[in-house]
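Shown next, in structure tokens, is the structure this report addresses.
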Amino acid sequence: MALTPELRRSIMDSVEQGFADQIAYTRKLVSFHSVRGAEHAIQDFTFRELVRRGYVVDRFAMDRAAIENHPGGSPWSDQHSNAPIVVGIHHPRQETGRSLILQSHLDVVPTGPETMWQHKPYGGEIEGDWMYGRGAADMKAGAAANIFALDALRRIGLQPAATVYVQSVVEEESTGNGALMTHLRGYKADAVLIPEPEDNKLVRANTGVIWFQVEVRGLPVHVREMGEGANAIDAAYRVIDELRKLEAEWNDRKSAYEHFQEELHPINLNIGKIEGGDWASSVPCWCRIDCRIAIFPGVSAADAAREIRERIDNFAKQDSYFANNPPGVVFNGFHTEGYVLRPGSEAEAVLAKAHEVAFDAPLENFVTAGYLDARVYALYDQIPALCYGPVSRNIHGFDECVSLSSLQRVTAAMALFIAEWCGTEPLDA
């Protein structure tokens, strides 16, 4: 339903009235050290907060077999989180509007050396317009916005006139299996909104992501005879050189992908971790590198993984050492495909209108070369997947932070979007 100017103003005023509490809630989320595998406490906190607000709440474990049997599932490893998924469910008295999923993830990446932060990584410190801390932007501010956008409606005596699912997942930073699990659990809606830190913009297209490990074996000898051994760490660099060539070739294909033709370097290979050797005075007999690479939307993750493996195998056959000692390749995380948000949906039009009211500026869109859970809903539910959120700095880096003024306006846009997309009815006492 179209909102009257008076209702729009009331909703925006309500967001402002509740924003101090929203900041405090976001700081509380930031205080949880919710790295992979350690998200139980923050998910329990979220469960309690949803119960306190009167939502029906579903808390469930991931189904490994179901995930592994789904084409969008990523490989399970020993590091895979076993923290639960939490879904808060609002049912209206009468279903007259369109249903909605509001999703966020509460897992965060490691902080790195804390001595290299100027602000406490889990302090939620505020300086000027910015709240600092690991996950403050990616995406605990968005998780809070999901709840407080609905709170803003409740504060003025309204609730959505459609079913709304508030989904809190894990494994977004490593496999994407948390969002996939909500799909497998059966939660479906007419649209999804995910407030990732997107600089007040809407994501139009998004790459897929693949994680893999390459393990190289060497021949250990004492360093005084190192010429008679084989240094696994040195050899690993030769594999990296070959992977860089593959990265360049994939980037050369960008002209075939509409939304990435003008991007300077859309396919990024990251050597994210390297370990090897046992002793400084012994030629290392092992080295393992952890890699991440993007793939264009429309490219099959299985095909891309096959190309990676074949590239390494063919390189090994032509290398004098690797020919007899081929590297091992293991796919151990993200195995996910990209998506394109097709323009023209009514959900996007409603969000664009809400954004323009909140920001007094038109909604812009852009493409991003990182993983987004929106792929689950775009590819497998085939619904409008709106990834839209606040301005941030240094996500995954030191002194990650989110703009509070941007966050307030984004929350207002979200509340306006919910009210028009879902419709409203008087709050159920």
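The values are calculated or read from the model by the stated rules, or taken from the named source; none is laboratory data. Small disclaimer: the values here were computed from a predicted structure and weren't measured. Cβ sites come from the backbone with ideal geometry, for glycine too, and all protein chains shown count toward neighbours. Heads up: the accessible areas ignore ligands, DNA and RNA and are worked out on the full protein's heavy atoms, side chains in. Shrake-Rupley method; radii C 1.70, N 1.55, O 1.52, S 1.80 Å.
Odds and ends about this structure:
- Here the stretch 143-213 is treated as a sphere whose radius is the Kirkwood value from Cα pairs; by Stokes-Einstein at 37 °C and 0.692 mPa s it diffuses with a coefficient of 222 µm²/s.
- If R0 is taken as 41 Å, the Cβ-Cβ distance between Ile271 and Arg342 corresponds to a FRET efficiency of 0.75.
- Applying 0.36 nm per residue to the separation of Ala349 and Ala66 and subtracting their alpha-carbon distance, the gain on full extension is 98.4 nm.
- Accessible surface of the chain [probe 1.4 Å, protein heavy atoms]: carbon and sulfur percent: 48
- Choice from Val170, Val216, Val192 showing the highest fluctuation, given a GNM over the chain with Cα pairs closer than 10 Å: Val216
- For Phe398, the accessible area of its heavy atoms, probed at 1.4 Å with every protein chain present, is near 80 square angstrom.
- Where only C-alpha atoms are counted, convex hull volume of the chain per residue in Å³: 142
- Across the chain, the relative contact order, built from alpha-carbon pairs under 8 Å that are at least six residues apart, equals 26 percent.
- Distance from the C-alpha centroid of the stretch 315-362 to that of the stretch 373-421: 17 Å, rounded to the whole angstrom.
- If R0 is taken as 30 Å, the Cβ-Cβ distance between Leu219 and Val330 corresponds to a FRET efficiency of 0.85.
- Peptides 292-303, 342-353, 359-370, ordered by how many other C-beta atoms sit within 10 Å of their residues on average, highest first, read 292-303, 342-353, 359-370.
- Contour minus Cα-Cα distance for Glu364 and Ala280 (0.36 nm per residue): 24.9 nm
- The mean sequence separation of alpha-carbon pairs under 8 Å and at least six residues apart, normalised by the residue count of the stretch 235-304, gives a relative contact order of 28 percent.
- Gaussian network model of the chain, Cα within-10 Å springs - most flexible of Leu243, Leu264, Leu341: Leu264
- Placing R0 at 45 angstrom, the Cβ-Cβ distance between His91 and Ala256 gives a FRET efficiency of 0.50 after rounding to 0.05.
- Rounded D (µm²/s) - the stretch 277-412, Kirkwood Rh over Cα pairs, Stokes-Einstein at 37 °C, 0.692 mPa s: 170
- Nearest 10 degrees, 0 to 90: helix 141-155 Cα axis against the chain principal axis: 10
- Heavy-atom accessible surface of Arg185, to the nearest 10 Å², is about 120 Å², with a 1.4 Å probe and all protein chains retained.
- If the segment from Arg59 to Thr4 were pulled out straight at 0.36 nm per residue, it would be longer than the present Cα-Cα gap by 16.1 nm.
- Zone residues, the stretch 23-67, relative to Asp78, backbone N less than 14 Å from point 7 Å out along Cα-to-Cβ: none
- Take every pair of alpha-carbon atoms less than 8 Å apart whose residues are at least six positions apart; their mean separation over the length of the stretch 89-151 yields a relative contact order of 33 percent.
- With N as its number of residues, the stretch 61-181 has a Cα radius of gyration that, divided by 2.2 N^0.38 Å, comes to 1.29.
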